[in-house]
1. Is there a residue in region 621-640 that is within 31 Å of the chain's Cα centre (by Cα), of a type outside the set (Ser, Thr, Tyr) and either closer than 26 Å to Ile260 by Cβ or modelled with pLDDT of 95 or more (or both)?
2. Can you confirm whether Asn145 is outside any strand (DSSP E or B), modelled with pLDDT of 95 or more, more than 24 Å from the chain's Cα centre (by Cα) and not acidic (Asp, Glu)?
3. Report yes if some residue within region 540-554 is of a type in the set (Ser, Thr, Tyr) and assigned to a loop (DSSP other than H, G, I, E, B); otherwise report no.
4. For Arg496, are the conditions met, namely being part of a helix (DSSP H, G or I), among the basic types (Lys, Arg) and either under 26 Å from Tyr337 (Cβ atoms) or in contact with a helix residue (DSSP H, G or I) (Cβ under 7 Å, 6 or more places away or on another chain) (or both)?
5. Does Arg495 meet the test of being closer than 22 Å to Asp350 by Cβ and surrounded by 15 or more Cβ atoms within 10 Å (Cβ to Cβ)?
6. Tell me which of these Ser209 doesn't satisfy, since it passes every other one: (1) touching a helix residue (DSSP H, G or I) at 6+ places or on another chain (Cβ under 8 Å); (2) surrounded by 19 or more Cβ atoms within 10 Å (Cβ to Cβ); (3) more than 26 Å from Gly262 (Cα to Cα); (4) not β-branched (Val, Ile, Thr).
7. Can you find even one residue in region 60-83 that is touching a Pro at 6+ places or on another chain (Cβ under 9 Å), small (Gly, Ala, Ser) and in the same structural domain as Pro188 (by TED's automatic domain parsing)?
Amino acid sequence: MKKTLLFLFYLSMQFIFAQTYKIQHADFRITINPYEKHIEGQNTFFIKMTRRADTLVFDAHERVQVTEVKHKAGRLNFFRKDGKLFITGNFSKGKKYVVNIRFSTKNPKQALYFVGWNNGNKNQVWTQGQGKNHSHWMPFNDDINQKFTWRMQVDFPKNYEVISNGTLIQKDTTGVRFNRFIYELDKPASGYLLFVGAGRYEIIQDTVSGIPHIKYRYADAPRPDRTFSESEKIFNIMPRLIGLPFPWKQYREIPLRDFIYGGMENVTATVFSDQYVANDTAWNDRNPVYILAHELAHQWFGDWVTETSAKHHWIHESFATFYGREAEKEIFGRNYYEFANYFELQKIIDAYKNGDTVPLLHEKASSLTFYQKGALLLRMMRDRIGKENFDKVIVYFLKKNARQNVSTADFKAALHHVTGDSLNGFFAQWFEKASVPSFRLFVRNDSLIVETGSGYKIPVRLFYKNGHYQDTLLLGSIALPRPERFAFYLPDPGRRNLVALQWQLDETQLRYALRMPLSDLDFYRVLKQYRNIPLHTKQNLFLDISAWDYYYPVHSEILLQTENAGENYRIRIASNILKHGIQHRKAVAASFGTVPEKLRKDFEKMLSDLSYEMKENALYALWNSFPSKQKQYLDRTRNTYGLQDRSFRMMWIMLALNTEGYVSREQGLRLLEELTDYASPDWPASTRQTALELIDMLQLYNEKTLQYIKTASEYFYRPLRQQARKMLRKIEKSR
């Protein structure tokens, strides 16, 4: 008991110490030697005491070596314990102090990462504060509620561009070995949003609404580089969607190798994984529009207003996801937007059924909950109070809490100020609980019946045979119109509510439904119900639909439901779909493991089409279907490498090695060496992952590949590290 009380006393003292001062400004002066993975420097914190104290507490993990602490009056005593730096002295309430901490750090465990360096890879250094804590590489205060301005001075080896937050106020290239960069952020932000990065970049700069907009492009980026083709448009869209101008003096967007997330909203300096760097071909498989829009929205939600604690993390991620999708809608259109939301809704429901039951208003909520579920709830909230009121709430909330830390209560206060209603019931049902209402709808006699125990009213649209419809909120049952008038019903039109639905139209109702003027999404939802209908009864209908101009998931569903149909019928279906856009062609390529002769020329065209995923599927299907043309197909695609994971190139190597007479023994050995070398540290983590899968599948274990696996098992990029460690355990068990 005594030990427990001492431990609790120690924790309480840390809490008290952490509340004793407010950082007003910080001056960081660091030198980074990436070849030795070493950082040294001094951090100067300008603080104001909020209460009298004899101890100041900062964060500094074990690899951060603190060599000296001083202030205006001289040196200060300090000691270390459990990742904390305790500085002792006599600090009076209301007084300001300047605390200078000298330090050095060798190879930090996290938060600052060295990519490349000494192995020939693309050399980069970058930081990640959120979730990792900058105190792993320098003395810091990790409290998200500490908001302050800062100046960052970085000395870094020559020939690299150094990037940080705010405005670049000085670049000194007169040093012998190092250049000096000085950045200044003149408006307060939470310290976790601090960023330092370095690499070889070309700089593209323009000005949007008076704000410098700076993009960083790899010198060896694929040409034509489409990565930032929509970036300026997004930068124009977002302030209009949110209703307030961009809140900082300038904005940067920086791709990073092996970045541990999709992107990060460092204040004024968004970073994103270079897996989204795209040429014209990669663009149709993986483009950065959502990532760039999501991180830009964070400059308001997360950077301008910041959560008080992880419990309110939805204020960051739900809004960024919501506005990221809204920006996508303006760029890619309504169908893209509605289908993206629909598929995310299905993931939320499936996750709940599989045990994801932590509510949104909880620090342990999943990423799916904080991001996609929260964004869906915001759309439901907007539907409930109306777009005009919703937009007013956002503007009021952001203005009132500008540069402050906020909680859910602050947002509810904004709701009440604008609408007179804090939506307490809405928050209680959707934010404080994780349950997903479930409904079963069916027709019995002349009534539409809904079974549910939640008391939640489900929106239902009743369609008439003359094409008109009637909307209603259904709880329990409703009498249907007379049979000569009634056509079918559609629960939750537009799929806008977080509810699980079980419903099935009969064949007569389905035929009416597919001839009504539905949105593409609702048409798709009805079409999925045809999975329960025998093929012979829907063949002619599906032929018609395959020729109609629907969004590509509709045609993907047609391909799925006809995959076991006769060859001639499938050819007719595919031929119709191929007349549409590139995503439709991708769907056809993915649905045929073997290619009928009548589709051969169409698939051969795909080898030159603008999608690496399509090329990969088409090449395999053609190679598998026409042995006499295998060498021709391989010749045509010899110089295609694909997305960053190099899956196309590795498949090409596998096909080349399995094509009789295509490569000599020496050429085959070189191709095998190329294949295994993709697992080396010279390549991005995604490439290494693909290569490790093939090494394991083909049992290509030797001294070199085992070393690649061991190196990968120690790498900071978690998915690669976990994959390699799993392989090592498997190898160990087999011995």
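The values are calculated or read from the model by the stated rules, or taken from the named source; none is laboratory data. Computed from a prediction, not measured in an experiment: that's the story for all the values here. A quick note on method: Cβ atoms are made from the backbone with ideal geometry, for glycine too, and the neighbour counts reach across all protein chains shown.
1. There is at least one residue in region 621-640 that is within 31 Å of the chain's Cα centre (by Cα), of a type outside the set (Ser, Thr, Tyr) and either closer than 26 Å to Ile260 by Cβ or modelled with pLDDT of 95 or more (or both).
2. On the way: outside any strand (DSSP E or B): yes; modelled with pLDDT of 95 or more: yes; more than 24 Å from the chain's Cα centre (by Cα): yes; not acidic (Asp, Glu): yes.
Yes.
3. There is at least one residue in region 540-554 that is of a type in the set (Ser, Thr, Tyr) and assigned to a loop (DSSP other than H, G, I, E, B).
4. When the stated conditions are applied, Arg496 does not pass them.
5. Numbers: closer than 22 Å to Asp350 by Cβ: yes; surrounded by 15 or more Cβ atoms within 10 Å (Cβ to Cβ): yes.
Answer is yes for this residue.
6. (2)
7. So the first thing to find is which residues in region 60-83 are touching a Pro at 6+ places or on another chain (Cβ under 9 Å), and the list is 60-61, 63-64, 66, 69.
Imposing the further condition that a residue be small (Gly, Ala, Ser) reduces the set to 60.
Restricting the remaining residues to those that are in the same structural domain as Pro188 (by TED's automatic domain parsing) gives 60.
Yes, region 60-83 has at least one match.
So that you can scan it fast, the table gives a plain yes or no per residue for (1) of a type in the set (S, T, N, Q); (2) crowded, with 24+ Cβ neighbours inside 10 Å:
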residue: Ser229; (1), (2): yes, no
residue: Asn236; (1), (2): yes, no
residue: Pro247; (1), (2): no, no
residue: Asp258; (1), (2): no, no
residue: Val271; (1), (2): no, yes
residue: Tyr276; (1), (2): no, no
residue: Trp304; (1), (2): no, no
